[in-house]
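The values are calculated or read from the model by the stated rules, or taken from the named source; none is laboratory data. Predicted model only: the values in this text are computed from it and were never measured. For neighbour counting, all protein chains shown are included, and Cβ atoms are generated from backbone atoms with ideal geometry for every residue, glycine included.
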Amino acid sequence: MDSSENVQEFYNACTEMSKAKFILADAKISKILKCIISSTDLVDAVADCLNGFNFANEFSKIQVKNDLKRVHIILPNDPKKLVAVVFSILSEMDSHRLDLHSFIFDYFGGNGETLLESYDRFVAGMIIPFRDALCELVGVDFGEAEENIEADDIQQQYPLEDVDIENMRPDHSVEEVYDDSSSSYGEVVESFFEDIRVILNQIKDTVNMDSRVRADRKDELNITIDALLIAINYKNLKILNALMISLNYLLHPVRSVRFYNMELQNRLAKFYSDIY
């Protein structure tokens, strides 16, 4: 594969983040970095940007307080400095020295925005400028050839809300509450349970790696999540809803999973909005 095709892959990987689900953002960042490594032109450009670059100093410079005394990221105008600082941030995220979800909340949210709105601001304010600046440095412009994205193709925005799980008619099965003989029914159900499975596994992994969570709470969370995964296998809404009440209680004091928990609530709200 020639270099221009590798650069195109990098461009596409960055663009895909605007359409990707928040819970898959970690994987998308890894893909972006792999695309860079696979291109000699991109590697050379990034290496040139990093020459003499001090991440700690430059990172402190791009943190700007707004009128509400909240810190936000303002990227430098210089394309080389922009590429260097964003590449360094993404590398820190990929190596888990910097937590992606906390970063998004701290620098692109916190003013009443929903989780998805904060994520979109992160992509628009950091990933897309990084994409364009790096492509500019290697002398490639995909802007005019970029496929137009229809509004219906962009990930739907759903405001974060507290889900009243106890009043979600848990005595009904999926088939009873969503009577639709078309193939779209199966797709809706499969997508819902698969998304919940992914989020629960993310929560489980994060909790088990969090040294601040007590051992007894970890045990309770692992048992509850394992039971939820079994309920998902059987597509049993009654058991899932009952266990969600327990899971919400157990997760409440666990700060490291707050983003996953908000995403879980958003996905549940969307599903029940669709089927009732």
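Here are the numbers for this structure:
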read-out: Test for residue 108: is it surrounded by 14 or more Cβ atoms within 10 Å (Cβ to Cβ), in contact with a helix residue (DSSP H, G or I) (Cβ under 8 Å, 6 or more places away or on another chain) and at pLDDT 85 or above; value: no
read-out: Check on residue 220, loosely packed, with under 13 Cβ neighbours inside 10 Å and either within 23 Å of the chain's Cα centre (by Cα) or at pLDDT 85 or above (or both); value: no
read-out: Among residues of region 229-255, those that are under 24 Å from the mean Cα position of the chain (by Cα) and on the phi > 0 side of the Ramachandran plot, counted; value: 0
read-out: Residue check for residue 216: closer than 18 Å to residue 96 by Cβ, of a type in the set (D, E, K, R), out of contact with any Lys or Arg (no Cβ under 6 Å at 6 or more places or on another chain) and assigned to a helix (DSSP H, G or I); value: no
read-out: Hits in region 256-276 (condition: over 19 Å from the mean Cα position of the chain (by Cα) and among the acidic types (Asp, Glu)); value: 274
read-out: Test: residue in region 223-236 that is among the hydroxyl-bearing types (Ser, Thr, Tyr), in a helix (DSSP H, G or I) and at pLDDT 85 or above; value: yes
read-out: Verdict on residue 50 being surrounded by fewer than 20 Cβ atoms within 10 Å (Cβ to Cβ) and touching a Pro at 6+ places or on another chain (Cβ under 7 Å); value: no
read-out: Number of positions in region 46-101 that are within 19 Å of residue 17 (Cα to Cα) and either without any contact (Cβ under 8 Å) to a residue 12 or more places away in the chain or of a type in the set (D, E, K, R) (or both); value: 6
